[in-house]
Each structure stands twice: as C-alpha cells, then as structure tokens.
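Colleague: Below you will find the structure I want to go over with you.
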Amino acid sequence: QVQLVESGGGLVQAGGSLRLSCGGSTRIFSSTVIGWFRRPPGKGREFVATIAWRDGYSRYADSVKGRSLVSRDNAKNTVNLEMNNLTAEDTAVYYCAAGSTRGATKEMWYRRWGQGTQVTVSS
C-alpha cells in the first residue's frame with residue numbers, strides 16, 4: 001500500500017508561487033490516481049486537483065484552474081502541484097491522497113492520505 005508524504009509547504013508572499021510534492025513510500029502503481037486537497041483555516045477540506053498516474057489525465061477546482069499545474073514525475077515517483085498568483089485564500093493545509101477513480105474530486109474516492117503540509121500566503 002502506498003504511503004504518501006507531502007513536502008514543499010511554507011510561507012509565500014501574495015502573488016508568488018509554490019510547488020508541492022507528493023512522494024510515495026513504494027512505487028506508485030499505474031492504476032493510481034493522486035489527488036490534492038486543502039483545508040483552509042476554519043473550513044472543511046476541499047478538492048484542488050487530481051491526476052491519473054497512467055495517462056496524466058487531470059482535473060482542477062475552479063478556484064485554482066488556470067493558475068495551477070499538477071504533474072507526475074515517473075523517475076522520482078512523485079506528483080507535483082504548482083500554483084501561481086497566490087492569494088490569502090490559498091492559505092491552507094495541503095494534502096495529497098491516493099485512489100483509483102480517474103478524475104475523482106470527492107474525498108470518498110481516496111483511500112490513502114498524507115499528513116499534510118501547511119501553506120501560508122502573506123499579504
């Protein structure tokens with residue numbers, strides 16, 4: 001079973017960019033779908049983006065569409081999330097999760113979760 005670890009969080013200035021990585025403890029299988037979610041302060045966890053490991057099919061939440069890119073790195077066995085033009089609304093704990101439903105945007109379709117990494121956008 002894949003254990004996931006997020007990295008790359010921290011303090012970012014508004015208007016800046018971030019790059020988060022999601023690493024698996026074992027080889028990510030071709031049938032795996034990796035999702036990114038986030039939990040803003042005082043709110044529930046929300047979908048950000050997802051990518052299918054096999055063919056790179058991806059989907060994005062409207063809130064990040066057009067300024068985000070989710071990608072996979074086969075050599076490093078990681079999935080990356082890049083976001084630009086950050087605002088205070090992007091402040092959250094970011095989680096990656098593994099599932100098997102291509103294009104899934106709901107938490108229920110993801111079985112394994114990382115511990116999360118904090119991203120704080122300062123204005």
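Colleague: Using +1 on the beta carbon of Lys and Arg, -1 on that of Asp and Glu, and nothing else charged, what's the dipole of the range 82-123 about the Cα centre, debye to 20?
Modeller: So the dipole magnitude of the range 82-123 works out to roughly 340 debye.
Colleague: Could you state how much accessible area W109 has, in square angstrom rounded to the nearest 10, with a 1.4 Å probe and all protein chains kept in place?
Modeller: 110
Colleague: Add +1 for every Lys or Arg and -1 for every Asp or Glu among the other residues with Cβ under 12 Å from the Cβ of G16, and state the total.
Modeller: 0
Colleague: How long is the chain along each principal axis, judged by its Cα atoms, biggest number first, in Å?
Modeller: 40, 28, 26
Colleague: Among G44, T26, L4, whose Cα projects farthest towards the positive end of the dipole of the chain, with charges put on the beta-carbon of Lys, Arg (+1) and Asp, Glu (-1)?
Modeller: Farthest towards the positive end: T26.
Colleague: Using a probe of 1.4 angstrom, how much of the accessible area of the chain is carbon and sulfur, in percent?
Modeller: Values: 2960 of 6330 Å².
Summing carbon and sulfur atoms, their accessible area is 47 percent of the total for the chain.
Colleague: Hey, another quick one. Return an integer: the convex hull volume of the alpha-carbon atoms of the range 44-100, in Å³ per residue.
Modeller: Per-residue hull volume (Cα only) is 99 Å³.
Colleague: Under the definition of Cα pairs under 8 Å and six or more residues apart, what whole-number percent is the relative contact order of the chain?
Modeller: Relative contact order, the chain: 36 percent.
Colleague: Tell me the Kirkwood hydrodynamic radius of the range 9-67 in angstroms, computed as one over the mean inverse distance between distinct C-alpha pairs.
Modeller: Value: 13.4 Å, from the Cα pair sum.
Colleague: Per residue, how large is the accessible surface of the range 66-123? Use a 1.4 angstrom probe and give square angstrom.
Modeller: Ligands and nucleic acids excluded, the figure is 51 Å² per residue.
The values are calculated or read from the model by the stated rules, or taken from the named source; none is laboratory data. These numbers come from a predicted model, not from an experiment. Cβ: placed from backbone, ideal geometry, glycine included. Neighbour counts: every protein chain shown. Protein only, heavy atoms only, side chains kept; ligands, DNA and RNA dropped before computing areas. Shrake-Rupley method; radii C 1.70, N 1.55, O 1.52, S 1.80 Å.
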